[in-house]
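Colleague: The following block contains the structure, expressed as structure tokens.
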Amino acid sequence: MSIYENILSVRDRIKNSAQRSGRDPEGITLVAVTKNQPVSAVKEIIKAGINDIGENRAQEILLKYREITDKINWHFIGHLQRNKVRYIIPFTYLIQSVDSIALAKEINKRASMIGKMQDILLEVNISGETSKHGFPPQEVIATIDELTSLRNVRVKGLMMMAPFIGDTNVLRPYFTKLKELFDNLTSRQGSNIEMRYLSMGMTNDFEVAIEEGSNMVRIGTAVFKT
């Protein structure tokens with residue numbers, strides 16, 4: 001299948017998952033993950049109608065940004081080192097993987113230097129796996145309260161990476177738990193708190209994630225498979 005056909009298939013699966021849970025498919029954002037893909041492939045998915053592109057590494061997103069002139073939303077979705085923040089702040093639409101207060105403060109500092117309000121998601125380690133980054137669920141509320149003092153960072157929601165398990169139904173409780181936390185945080189609206197995005201679900205589990213409340217999915221393999 002071509003990349004275009006893959007995107008049509010993914011969109012169809014998103015639509016079906018949304019309808020199964022009684023939701024509007026238009027309310028779900030597809031972020032195409034282009035890690036290790038050449039610039040030519042990124043241009044191809046843009047032509048196919050993709051407006052949101054996710055990258056895992058600062059060097060790679062910077063390289064692709066410099067070579068792609070189309071107006072798209074760049075998402076940073078990988079582990080971000082504080083010393084790399086300054087490179088991606090000028091053009092990144094959403095940093096999805098903020099996993100520490102120190103990182104949020106560095107983002108705020110760099111954004112303030114260019115007069116930008118940077119949107120972020122807080123990464124939550126919902127499974128408690130030591131191999132994953134993110135805030136423990138029980139620390140998220142206190143973290144958001146602390147981040148209200150930052151003038152150049154806006155918390156737009158939560159993100160998670162589920163355990164890699166073949167039986168996706170086993171993952172449901174993880175998605176459900178983050179959705180419950182997300183819903184509990186919607187009352188914490190403020191000048192820099194706007195709980196809008198719940199980013200959960202990748203190629204192997206995005207349909208279950210949507211059924212459990214995700215409104216943003218990060219898909220790489222299913223878009224670029226041959």
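Read the figures in this text as sums done on the coordinates, not as results from a lab. For clarity, every value in this text was computed on a predicted model and none was experimentally measured. Because the Cβ atoms are built from the backbone with ideal geometry, glycine has one as well, and the counts that use them run over all protein chains shown.
Colleague: Please order 1, 161 by the number of other Cβ within 10 Å, starting at the fewest.
Modeller: Ascending number of Cβ neighbours within 10 Å: 1, 161.
Colleague: A further question follows. When the helices in the chain are scored as -39500 (n - 2.57) per DSSP H run of 4 or longer and the sum is shared across all residues, what 222 nm value do you end up with, to the nearest 500 deg cm²/dmol?
Modeller: Numbers: 9 runs with 86 residues, N = 226.
Rounded to the nearest 500, it is -11000 deg cm²/dmol.
Colleague: Treat each spin label as a single point 7 Å out from the Cα along the C-beta direction, and report the residue 26 to residue 79 distance in nm.
Modeller: 4.0
Colleague: Taking the stretch 1-147 as the region of interest, what is the percent of Cα-Cα pairs per 10 angstrom bin, listed from the shortest bin to the one with the maximum distance?
Modeller: Each 10 Å bin holds this share of Cα pairs: 10, 34, 34, 20, 2.
Colleague: Further, regarding this structure: What does the charge add up to near residue 33, with Lys and Arg as +1, Asp and Glu as -1, over the other residues with Cβ less than 9 Å from its Cβ? Let's see the in-between values first.
Modeller: On the way: positive: 35, 218; negative: 55.
My count for the surroundings of residue 33 gives +1.
Colleague: Multiply the residue gap between residue 129 and residue 51 by 0.36 nm, knock off their C-alpha separation, and tell me the result in nm, one decimal place. Let's see the in-between values first.
Modeller: Details: separation 78, 0.36 × 78 = 28.08 nm, distance 3.19 nm.
Fully extending the segment from residue 129 to residue 51 adds 24.9 nm.
Colleague: According to a simple spin-label model (label point 7 Å from Cα along Cα-to-Cβ), what is the distance in nm between residue 138 and residue 70?
Modeller: The two pseudo-label positions are separated by 4.6 nm.
Colleague: Right, next: So for the stretch 3-224, taking the charge dipole from beta-carbon charges (+1 Lys/Arg, -1 Asp/Glu), which of 134, 54, 27 sits furthest toward the positive end?
Modeller: Going by the charge dipole, the pick is 54.
Colleague: Along the charge dipole of the chain, Cβ charges K/R +1 and D/E -1, which of 90, 2, 80 sits furthest on the positive end?
Modeller: So the residue furthest toward the plus end is 90.
Colleague: Same structure, new question: Provide, for q = 0.10, 0.11, 0.23 Å⁻¹, the log10 of I(q)/I(0) from a solvent-free Debye sum over equal Cα point scatterers in the stretch 20-105.
Modeller: -0.27, -0.33, -1.11
Colleague: Now a separate question. Can you grab the distance from the C-alpha centre of the stretch 43-67 to the C-alpha centre of the stretch 164-214, Å, no decimals?
Modeller: 24
Colleague: Quick check: from the Cα gyration tensor, does the stretch 167-226 come out rounded (a/c under 1.5), prolate or oblate?
Modeller: Numbers: a/c = 4.40, a/b = 1.69, b/c = 2.60.
Oblate.
Colleague: Among 162-170, 77-85, how do they line up by average Cβ neighbours within 10 Å per residue, starting with the highest? Don't skip to the end; give the middle numbers.
Modeller: Working: 162-170: 12.6, 77-85: 17.4.
So the order, starting with the most tightly packed, is 77-85, 162-170.
Colleague: Treat the count of other C-beta atoms within 10 Å as a stand-in for reagent exposure and order 117, 159, 195 from fewest to most.
Modeller: On the way: 117 12, 159 27, 195 19.
In order of increasing Cβ crowding within 10 Å: 117, 195, 159.
Colleague: Which of the lysines could a cross-linker bridge to residue 156, judged by Cα under 17 Å and excluding same-chain residues fewer than eight apart?
Modeller: List returned: 105, 116, 179.
Colleague: Counting DSSP beta bridges in the stretch 3-224, what percent are antiparallel, to the nearest 5?
Modeller: Details: 1 of 28 bridges.
Antiparallel bridges make up about 5 percent of those DSSP assigns within the stretch 3-224.
Colleague: Please report the relative contact order for the stretch 3-224, taking Cα pairs under 8 Å with a sequence separation of at least 6, and give it as a percent rounded to a whole number. Can you show the working numbers first?
Modeller: On the way: 410 pairs, mean separation 46.4, N = 222.
Rounded, it is 21 percent for the stretch 3-224.
Colleague: Related question: Contour minus end-to-end for residue 59 and residue 188, with contour as 0.36 nm per residue of separation and end-to-end as the Cα-Cα distance? Please list the in-between numbers first.
Modeller: Details: separation 129, 0.36 × 129 = 46.44 nm, distance 3.44 nm.
Stretched out fully, the residue 59 to residue 188 stretch lengthens by 43.0 nm.
Colleague: Here's another thing I want to ask about it. Count neighbours as other Cβ atoms within 10 Å of each site's Cβ, and list the GluC sites (Glu not before Pro) in the stretch 93-133 that are DSSP loop with at most 16 such neighbours.
Modeller: Working: sites: 106, 123, 129; in loops: 129.
For GluC sites (Glu not before Pro) across the stretch 93-133 that sit outside H, G, I, E and B with at most 16 neighbouring Cβ atoms in 10 Å, the list reads 129.
Colleague: Quick one: net charge of residue 163's neighbours, Cβ under 9 Å, K/R +1, D/E -1? Intermediate values should be presented prior to the final figure.
Modeller: On the way: positive: 132; negative: 129.
Result for the local shell: 0.
Colleague: So for the pair residue 226, residue 165, with labels modelled 7 Å out along Cα→Cβ, what separation do we get in nm?
Modeller: It works out to 3.4 nm between the two label points.
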